[in-house]
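Worksheet: the structure to be examined is printed underneath.
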Amino acid sequence: MLEIERLDVSIGSVGILRGVDMTVGERQFVGLIGRNGAGKTTLMRAIMGILAARGGSMRYDGQPMERMATHLRARAGIGYMPEDRRLVPTLTVEENVLVPAWAASRADAEARLQRVYKMIPEVETFRARKALQLSGGQQKLVALARALMSGTRLLLLDEPFEGVAPVLARRLAEVISNLKSEGLSIILTESDLSHSKEMLDRVYTIDRGVVSVG
């Protein structure tokens, strides 16, 4: 599904990713493990098109991604859950979840919303609350629900368990693990394998912008 070859990414004049190779297959759960500052978020943003590549290539379903704008990647079924959630605090939970559907003018927005609610029923219970009224763990659930609105094929989950209370971290892990039955592929970043080890099909490690298998 996703093929990354010799990818180089810089932020300003600073090289962050160097010669990254990675593949993600259909219905495959892939972990990207590394300490803070190793380049995990940079790689996720590059896949989403938020950061431009300096060199190398990425292909999605065999098609080059270099000229594919971020909104077109979302329309192609890629969803992104940032580490810092990026919810709009003054919008309701449901409005936050619907933002990707509105941006892409999805005709099936309501049907997709109901399917997301079935996958994460907790989000439906506080759908009328403002995002700023939620705990950090609840906000992570909402950010995952929002990613699922566009992520119908591939999800990019950046540190989904970071800063979350243990009980909600376990719930997040359960929800994410269940997504395999929905036919999704996932790239999930963590600093270690404490929450995701049992659900991953393949693990990559990243250190100082260099990725290796295992």
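The values are calculated or read from the model by the stated rules, or taken from the named source; none is laboratory data. From a predicted model like this one, the values you see are computed outputs, not experimental measurements. For neighbour counting, all protein chains shown are included, and Cβ atoms are generated from backbone atoms with ideal geometry for every residue, glycine included. We work out accessible area using only protein heavy atoms, side chains counted, and drop any ligands, DNA or RNA first. Shrake-Rupley method; radii C 1.70, N 1.55, O 1.52, S 1.80 Å.
Quick notes
- Region 1-93: relative contact order in percent, alpha carbon pairs under 8 Å with at least 6 residues between: 30 percent
- Charge sum, other residues only, whose C-beta stays under 15 Å from E124's C-beta, Lys/Arg counted +1 and Asp/Glu -1: +3
- Computed E for Q63/V213 - FRET, C-beta separation, R0 30 angstrom, nearest 0.05: 0.75
- Cβ-derived FRET efficiency at R0 41 Å, R129 paired with R27, nearest 0.05: 0.75
- Per principal axis, descending, Cα span of the chain in whole Å: 45, 37, 34
- Accessible area per residue, Å², the chain with all protein chains present, probe 1.4 Å: 46 Å²
- Those residues of region 1-33 whose amide nitrogen sits under 14 Å from the label point placed on K180, 7 Å along Cα→Cβ: 25-31
- Shape of region 70-132, Cα gyration tensor, a/c cut at 1.5: oblate
- Degrees separating the helix 166-178 axis from the principal Cα axis of the chain, which is the longest one: 70 degrees
- Here the chain is scanned for GluC sites (Glu not before Pro) in DSSP loops (not H, G, I, E, B) that have at most 14 other Cβ atoms within 10 Å, and the longest stretch holding none of them is 67-214.
- Taking Cβ atoms as reference points and 11 Å as the exclusive limit, the residues near L87 contribute a net charge of +3, counting Lys and Arg as +1 and Asp and Glu as -1.
- Dipole axis of region 21-75 (+1 Lys, Arg; -1 Asp, Glu on Cβ), positive-most option in V30, T42, Y60: T42
- Heavy-atom accessible surface of the chain: percent carbon and sulfur, 1.4 Å: 50 percent
- Qualifying lysines (Cα of each under 25 Å from Cα of K40; at least 8 residues distant if same chain): K140, K180, K197
- In region 64-98, the trypsin sites (Lys or Arg not before Pro) that fall in loop regions by DSSP, at most 14 other Cβ within 10 Å: R67, R86
- Loop-located trypsin sites (Lys or Arg not before Pro) in region 94-201, at most 15 other Cβ atoms within 10 Å (DSSP): R129
- Net charge of neighbours whose Cβ lies under 15 Å from the Cβ of R112, counting Lys and Arg as +1 and Asp and Glu as -1: +1
- Pairwise centroid distance, computed over Cα atoms, of region 90-156 with region 180-195, Å: 19 Å
- Residue-averaged 222 nm ellipticity for the chain, from DSSP H runs of 4+ at -39500 (n - 2.57), nearest 500: -9500 deg cm²/dmol
- Cα-based shape type of region 148-214, given that a ≥ b ≥ c are square roots of the gyration tensor eigenvalues and the cut on a/c is 1.5: oblate
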